[in-house]
Amino acid sequence: MASRSRLAIKVSGLDETAMEAARQRQNQLTKPPGSLGRLEELSIQLAGITGQPQPTVEHKAIVVMAGDHGVTAEGVSAYPAEVTPQMVLNFLRGGAAINVIARQVGARVVVVDMGVAAEFEPHPELIDRKIAAGTANMARGPAMSDEQAETALAVGMEIAADLAGQGLQLIGTGEMGIGNTTPSSAITAVLTGAPVAEVVGDRMLLSFILNFTVILFTWAVAFPIGAYAATHQYSWGDYGLTLLGYVGLATPNFLFALVLMYFANVEFGLAIGGIMDPEYLDKPWSWAKFGSVLNHLWIPVIVIGTSGTAGMIRRLRANLLDELQKQYVVTARAKGMPPFGLLVKYPLRMALNPFIADIGNLLPSVISGSAIVAVVLSLQTSGPMLLDALRSQDQYLAGSFLMFLALLTVIGMFISDLLLAVLDPRIRLEEAG
């Protein structure tokens, strides 16, 4: 392992001056801050590595390490292990997605057979460094021996050094192997020693803040407007609010987000993406970070809350109109009860029943809601993480999300039952006889 030590010594620190210049340039581009996600961070890091604020990379390659994983025997993947060698051949033929991306940026694709449970014919872009025909099942015992693991690390370093010696300026790494998400997650947990909450980061908390604020915004706007529309039926105000409600219902949230981003950029030169300033990403919570979240929160709240507010206005108006025509309201009016007191004491409480009953659906949306809008606006919430887990067929992460959402649904239904007993005078809690 002496070669590993020599390689590590050659790695120098990043050029902070070049990184700061690259960061300032990123902030001046006409795009939402952080909208390119990890690509922006990598470009700044590349500036620090090369010492150039705008580095040029002409010679580059994507190195794909391929190997099979014994843990697939546990059914962790939707695909069989036989797909791994088929994907390797597809890489070599140039038919995979990474080949298309590499061609667009002028990079080679180099495939390394680290442990595929199959044999391949010699190929100029295939490097044979097979350690074993796949790993053992990590669910039943060690996936690799210490010697195999050390050999795998040394092989990766040797290949990187060889490619650098060929004049390559940038090497991108990737891996291919059915069932790879499970060992990757296990290795990450072991190396970092971080609990799940830290791995997920601020996403759960940010999702809660965003979607809970959306709920408050929806209720705060919809209730007074719905009550006004019902008590001023067929007025110009009622017609105008009805038109706005239909427009809100008919406009998809993600489309509204795109239009808002465009006009904010073109007309005012503002970038409205992200849920906080980029410098606070992955940083501990502070008052400055919290203030940044509040400054960015109003755009996604308006975008996400528009359709929900419009729908709630229509439902509240219809429910309240139905209640205002009932006999107990006519009787109360005949006895001279003030209109506002009558409205608040009985009809409005009855009209709110469906909204209280919907709390069972609202609680899960606090975590998972608005995933598409979060992607469009580059929001660092849990919605995009759930989408990524479903797309990559990460059954454990997706299953954990869905189980948590099911638990929130049960809790929400319990809370709504208790609130209905308080809100609706027709409902009373009694002991079973």
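What follows draws every value from the coordinates through simple rules; no lab data is involved. Because the structure is predicted, anything quoted here is derived from the model rather than measured. Cβ sites come from the backbone with ideal geometry, for glycine too, and all protein chains shown count toward neighbours.
Taking amide H atoms as placed 1.01 Å from N in the peptide plane, list the residues 5 or more away in sequence, or in a different chain, whose amide H sits under 5 Å from that of D68.
Amide H neighbours of D68, under 5 Å, 5+ apart: G115, V116, A117, G134, T135.
By how many nm would the segment from Q45 to V57 lengthen if fully extended, with 0.36 nm per residue of separation less the alpha-carbon distance?
Working: separation 12, 0.36 × 12 = 4.32 nm, distance 1.34 nm.
Stretched out fully, the Q45 to V57 stretch lengthens by 3.0 nm.
Quick check for you: which residues of the stretch 286-315 have the amide N under 17 Å from the point 7 Å beyond the Cα of A357 toward its beta carbon?
In the stretch 286-315, the label zone of A357 (backbone N under 17 Å from the point 7 Å along Cα→Cβ) covers 312-315.
Could you work out how far helix 287-324 tilts from the main Cα principal axis of the chain, as a 0 to 90 degree angle to the nearest 10?
40 degrees
In a Gaussian network model over the chain where Cα atoms closer than 10 Å are linked, find which of V376, V247, V301 has the largest mean-square fluctuation.
V247
Counting chymotrypsin sites (Phe, Trp or Tyr not before Pro) as exposed when in a DSSP loop with at most 15 other beta carbons within 10 Å, what is the longest stretch of the chain free of them?
Values: sites that count: Y234, W285.
With chymotrypsin sites (Phe, Trp or Tyr not before Pro) excluded where exposed in loops, the chain gives 1-233 as its longest stretch.
Is the stretch 84-142 rounded, prolate or oblate when judged by the Cα gyration tensor, a ≥ b ≥ c being the square roots of its eigenvalues, rounded requiring a/c under 1.5 and prolate requiring a/b larger than b/c?
On the way: a/c = 2.64, a/b = 1.94, b/c = 1.36.
In terms of gyration-tensor shape, prolate.
Quickly work out the I187-to-L387 label distance, labels modelled 7 Å from Cα along the C-beta direction, and quote it in nm with one decimal.
2.8 nm
Going Cα to Cα from K31, which lysines come in below 30 Å? Please leave out same-chain ones fewer than 8 positions away.
K60, K283, K289
Could you check the spin-label model distance between K283 and F414? Points 7 Å from the Cα along Cα→Cβ, value in nm.
Here the answer is 3.9 nm between the modelled labels.
If you fit an axis through the alpha-carbon atoms of helix 395-423 and take the longest principal axis of the Cα set of the chain, what angle between them do you get, 0 to 90°, nearest 10?
It works out to around 10 degrees.
Put a dot 7 Å past each Cα toward the Cβ at K345 and D424; how far apart are the dots in nm?
2.1 nm
Please grab the % of Cα pairs in the chain that end up more than 39 Å from each other.
Values: 37731 of 93528 pairs.
Cα-Cα pairs of the chain separated by over 39 Å account for 40 percent.
Collect residues whose amide H, placed 1.01 Å from N in the peptide plane, falls under 5 Å from the amide H of T173; neighbours closer than 5 in sequence don't count.
Placed amide hydrogens put V63 under 5 Å from T173.
Below 12 angstrom from the Cβ of V64, what's the summed charge of the other residues (Lys, Arg +1; Asp, Glu -1)? Could the numbers behind the result be given before it?
On the way: positive: R108; negative: D113, E125, E175.
Spelling it out: positives minus negatives among the neighbours equals -2.
Among the lysines, which fall within straight-line cross-link reach of K326, defined as a Cα-Cα distance under 29 Å, with same-chain neighbours fewer than 8 residues apart omitted?
K335, K345
Once the piece of chain linking Q166 and W298 is laid out straight, how much longer is it, given 0.36 nm per residue of separation minus the C-alpha distance between them? Intermediate results must be reported in sequence, preceding the final value.
Numbers: separation 132, 0.36 × 132 = 47.52 nm, distance 5.14 nm.
Separation in residues times 0.36 nm, less the Cα-Cα distance, equals 42.4 nm.
The stretch 224-254 to the stretch 145-159: how many Å between their Cα centroids?
66 Å
How high is the FRET efficiency between D322 and A220 when r is their beta carbon distance and R₀ equals 22 Å, given to the nearest 0.05?
On the way: r = 23 Å, r/R0 = 1.06.
Between D322 and A220 the formula returns 0.40.
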